[in-house]
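The values are calculated or read from the model by the stated rules, or taken from the named source; none is laboratory data. No experiment lies behind these values; they were computed from the predicted model shown. We place every Cβ from the backbone using ideal geometry, glycine too, and count neighbours over all the protein chains shown. The protein model used for the area step is the full one, side chains on, heavy atoms only, and it has no ligands, DNA or RNA in it. Shrake-Rupley method; radii C 1.70, N 1.55, O 1.52, S 1.80 Å.
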Amino acid sequence: MPSELARYIYDLVGRDTARPFSPHCWKVAMALAHKGLDTSTAPTRFLEVPTVEGGVSKTIPVIRDGETVVADSFAIALYLDEAYPDRPTLFGGEGGKAMARFIERWSQLTIHPYVTTAAIMDLHAMQDAENAVYFRQNREQRLGKRLEDVMAARDAGLGTFRASLEPLRSMLFYQPFIGGGSPLFADYIVFGALQWARIASPYQLLDDGDVVAQWFTRCLDLHGGLGRKVAAAA
């Protein structure tokens, strides 16, 4: 356990602690790097989440910043902007916060369901034996079908998924990032979802020539290539 006054993030991992995969934890990792804050990592598996900081949250990410503990990726980003106003902003003001809320909802309703479909068996394979049992039981109860049956729909759904990204694709013809000329937390929200897929599964969600794929590459290069510290699934 890191020291009580350190800054660190509880980061979701599977069997390999060097391959954090959670989209929500990646949002926070990018936000911390955006702020230029040195942060340690506490690798955490699914069954360990209830023990994090005395059970402060049913999910992670959770960060400890000295004596302050914050759960939920969006709440963490808000905290970072408020606690470190002298460092680069994650939102650029109240309008940026409102925009990021929209992007968060859009990502979780548009991107996350298809990534779940495409990568569900790969995510299961990333877990150790005990956590794999939990993952299968939890996800099959949530999704109402076997993991194998969820993944069986991915090829048929790929075209629809790619078409669903057209609003983002069209916007990126005008500007390099969702945040405009430089990234904001809204970028990290969508990046986290696609990074989740990249780390978990070799299944190709995007054509290399897609402007969304090109934007994702730019995001991988941010903050000294932080997003590339974990290799893509092979």
(message) Restricting to bridges with both residues inside the chain, how much of the DSSP beta-bridge set is antiparallel, in percent to the nearest 5?
(response) 65 percent
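Inverting the mean 1/r over all pairs of different Cα atoms, compute the Kirkwood radius of region 145-234 and quote it in Å.
Details: mean 1/r = 0.0706 Å⁻¹.
Answer for region 145-234: a Kirkwood hydrodynamic radius of 14.2 Å.
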(message) At 0.36 nm per residue, and after removing the present C-alpha to C-alpha distance, how many nm does the segment from Asp208 to Arg228 gain when stretched out fully?
(response) 5.5 nm
(message) Can you compute the FRET efficiency between Glu140 and Thr110 using 1/(1 + (r/R0)^6), with r the Cβ-Cβ distance and R0 = 25 Å? Round to the nearest 0.05.
(response) 0.65
(request) Might you tell me the accessible area per residue for region 140-234, computed with a 1.4 Å probe and given in Å²? (result) 47 Å²
(request) Whenever you get a sec, compute what percent of the accessible area on region 68-226 sits on carbon and sulfur atoms (1.4 Å probe). (result) 55 percent
(message) Going Cα to Cα from Lys27, which lysines come in below 26 Å? Please leave out same-chain ones fewer than 8 positions away.
(response) Lys35, Lys58, Lys97, Lys229
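Which is the longest run of the chain containing none of the chymotrypsin sites (Phe, Trp or Tyr not before Pro) found in DSSP loop states (not H, G, I, E, B) with at most 16 other C-beta atoms within 10 Å? Please list the in-between numbers first.
On the way: sites that count: Phe173, Tyr174.
In short, 1-172.
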(message) Need the C-alpha centroid separation for region 55-70 versus region 138-209, integer Å.
(response) 27 Å
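Around Pro85, what is the net charge, scoring Lys/Arg as +1 and Asp/Glu as -1 over all other residues with Cβ under 15 Å from its Cβ? It would help to have the intermediate numbers written out before the result.
Values: positive: Lys35, Arg87, Lys97; negative: Asp65, Asp81, Glu82, Asp86, Glu94.
Once all neighbours under 15 Å are counted, the net charge is -2.
Mean residue ellipticity at 222 nm from the helices of the chain, using -39,500 (n - 2.57) per DSSP H segment of n ≥ 4 over the full residue count, to the nearest 500 deg cm²/dmol? The partial results should precede the final answer.
Values: 9 runs with 123 residues, N = 234.
The helix-only estimate for the chain comes to -17000 deg cm²/dmol at 222 nm.
Mean separation of Cα pairs under 8 Å and 6+ residues apart, divided by the residue count of region 38-128: what relative contact order is that in percent? Provide the component values of the computation, followed by the final result.
On the way: 40 pairs, mean separation 9.6, N = 91.
Once divided by the residue count of region 38-128, the mean separation gives 11 percent.
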(message) Using a probe radius of 1.4 Å on heavy atoms only, what accessible surface per residue do you get for region 66-110? Whole Å² is fine.
(response) 53 Å²
(request) Starting from the Cα of Ser170, step 7 Å along the direction of its Cβ; do the same at Tyr84; then give the gap between the two resulting points in nm. (result) 3.6 nm
(request) Just grab the label-to-label distance for Ala163 and Asp16, each label 7 Å out from Cα along the Cβ direction, in nm (one decimal). (result) 3.5 nm
